[in-house]
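A.B. asks: Once you've had a glance at the structure underneath, I'll fire off some questions.
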Amino acid sequence: MREYRLAIAAGQAQLSAGLAPTPTWGYRGAILGPSLRIPRGEPIRILVHNGLDQSTTTHWHGAHVPGDMDGGPQSLIAPGRTWHYHYTIDQPEATLW
């Protein structure tokens, strides 16, 4: 099974020249996150670690995944904890965010 590891962390980013850095949350960096290329029909596991000081969740915008794996209040990730998502994507190729 293919496995991806993401870490949510606070950071800051210079969003515009001449402005002070902006506080951000991101996956593996100060803003946004990596692209995940997931082959259709292949079971995957995604481990998401919450490095923030408050609970958060991860929602897979547009991906056809089981409801209990799609983020939201039913799958909050407490500070310092890791959520294990596991599912198989069975939909045509798409850009999802």
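FYI, it's all coordinate maths here, none of it is from the lab. Not measured: the values here are computed from a predicted model. As a convention, Cβ positions derive from the backbone with ideal geometry for all residues, glycine included, and neighbour counts pool all protein chains shown.
A.B. asks: Considering only the stretch 17-42, how many residues are exposed (fewer than 11 other Cβ atoms within 10 Å of the Cβ) and either of a type in the set (S, T, Y) or in contact with a His (Cβ under 9 Å, 6 or more places away or on another chain) (or both)?
C.D. replies: Qualifying residue count for the region: 1.
A.B. asks: Identify all residues within the stretch 11-43 that are among the hydrophobic types (A, V, I, L, M, F, W, C) and within 14 Å of the chain's Cα centre (by Cα); write none if there are none.
C.D. replies: W25, A30, I31, L32, L36, I38
A.B. asks: Let me ask something else. Out of all the residues in the stretch 44-59, is one or more under 14 Å from the mean Cα position of the chain (by Cα), more than 13 Å from H84 (Cα to Cα) and β-branched (V, I, T)?
C.D. replies: Looking through the stretch 44-59, at least one residue is under 14 Å from the mean Cα position of the chain (by Cα), more than 13 Å from H84 (Cα to Cα) and β-branched (V, I, T).
This table checks each residue for (1) within 27 Å of P92 (Cβ to Cβ); (2) among the hydrophobic types (A, V, I, L, M, F, W, C); (3) free of Cβ contacts under 8 Å to residues at least 60 places away in the same chain.
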| position | (1), (2), (3) |
| --- | --- |
| Q12 | no, no, yes |
| L19 | no, yes, yes |
| G26 | no, no, yes |
| H49 | no, no, yes |
| D53 | no, no, yes |
| G62 | yes, no, yes |
| D70 | yes, no, yes |
| I77 | no, yes, no |
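A.B. asks: Also, quick follow-up: Do we have any residue at all in the stretch 66-87 that's surrounded by 10 or more Cβ atoms within 10 Å (Cβ to Cβ) and in contact with a Pro (Cβ under 8 Å, 6 or more places away or on another chain)?
C.D. replies: yes
A.B. asks: Look at the stretch 1-16 and say how many of its residues are farther than 19 Å from G51 by Cα and surrounded by 13 or more Cβ atoms within 10 Å (Cβ to Cβ).
C.D. replies: Final tally of qualifying residues: 0.
A.B. asks: Can S55 be described as touching a strand residue (DSSP E or B) at 6+ places or on another chain (Cβ under 7 Å) and exposed (fewer than 14 other Cβ atoms within 10 Å of the Cβ)?
C.D. replies: yes
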